[in-house]
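Here is the structure we will look at, set down as structure tokens.
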Amino acid sequence: MRVFIAFGDSWCAEIRPGASLVGRDQACDIPLADDGVSRRHLRLVLDPRKRQMTAEDLGSTNGTMLNGKPLDHRHPLADGDLLLVGRTLCTIHLLHEGDPRLASLQQRSCPRTCRRSWPGARCGT
């Protein structure tokens, strides 16, 4: 299973197994240039053994919305789920090898290499 988090139609990041932090802080695995995002806003955890990804708000000031509802505890994510992080809307894509969407998402992956050596976010630069 491969997981991408897409930010609108412009760019996306592939999520690697383990925990990934999303926030305004440049030290986050997925840093976002959005004033509505806390420094350490959200934790995404990909567990390939369970074939599951979860999201957990880290007590952010503005909260996180999952499919239009507040994310108030760790919650499993499904393909097509929408996360609103600050003012940034993200779509979760859970893909299996051979999924026709894979090539398109790989092309949209940001060329900037972030801290964990995977196609990361624009990072506000």
Checklist line | Relative intensity, log₁₀ I(q)/I(0), of the range 4-57 from a Debye sum that treats every alpha carbon as a point, q = 0.15, 0.23, 0.29 Å⁻¹ | finding: -0.42, -0.91, -1.20
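As a test of the formula, what do you get for the chain when each DSSP H run with n ≥ 4 contributes -39,500 (n - 2.57) and the sum is divided by the residue count, at 222 nm and rounded to the nearest 500 deg cm²/dmol?
Rounded to the nearest 500, the figure is -1500 deg cm²/dmol.
Is there a quick way to get the dipole size of the chain? I mean about its Cα centre, with the Cβ of Lys and Arg at +1 and of Asp and Glu at -1; what is the value in debye to the nearest 20? Can you show the working numbers first?
Working: 18 positive and 14 negative charges, 65 e Å.
That gives the chain a dipole magnitude of about 320 debye.
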Notebook entry, point to check: When the Debye formula is applied to the Cα atoms of the chain, each taken as the same point scatterer, what base-10 log of I(q)/I(0) results at q = 0.10, 0.15 Å⁻¹?
Noted result: -0.26, -0.61
Check: What figure in square angstrom, to the nearest 10, would you give for the accessible area of LEU77 with a 1.4 Å probe?
Finding: 10 Å²
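In the range 1-96, what % of DSSP beta bridges are antiparallel (nearest 5)?
Of the beta bridges lying entirely in the range 1-96, close to 95 percent run antiparallel.
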Checklist line | Stretchable slack from LEU95 to ASP35, in nm (0.36 nm times residue separation minus alpha-carbon distance) | finding: 18.5 nm
Checklist line | Cα pair count fraction exceeding 21 Å, expressed as % - the range 26-98 | finding: 23 percent
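The values are calculated or read from the model by the stated rules, or taken from the named source; none is laboratory data. Since this is a predicted model, take the numbers as computed values, not measurements. Glycine gets a Cβ as well: all are built from the backbone with ideal geometry, and neighbour counts include every protein chain shown. For accessibility, only protein heavy atoms count, side chains too; no ligands or nucleic acids. Shrake-Rupley method; radii C 1.70, N 1.55, O 1.52, S 1.80 Å.
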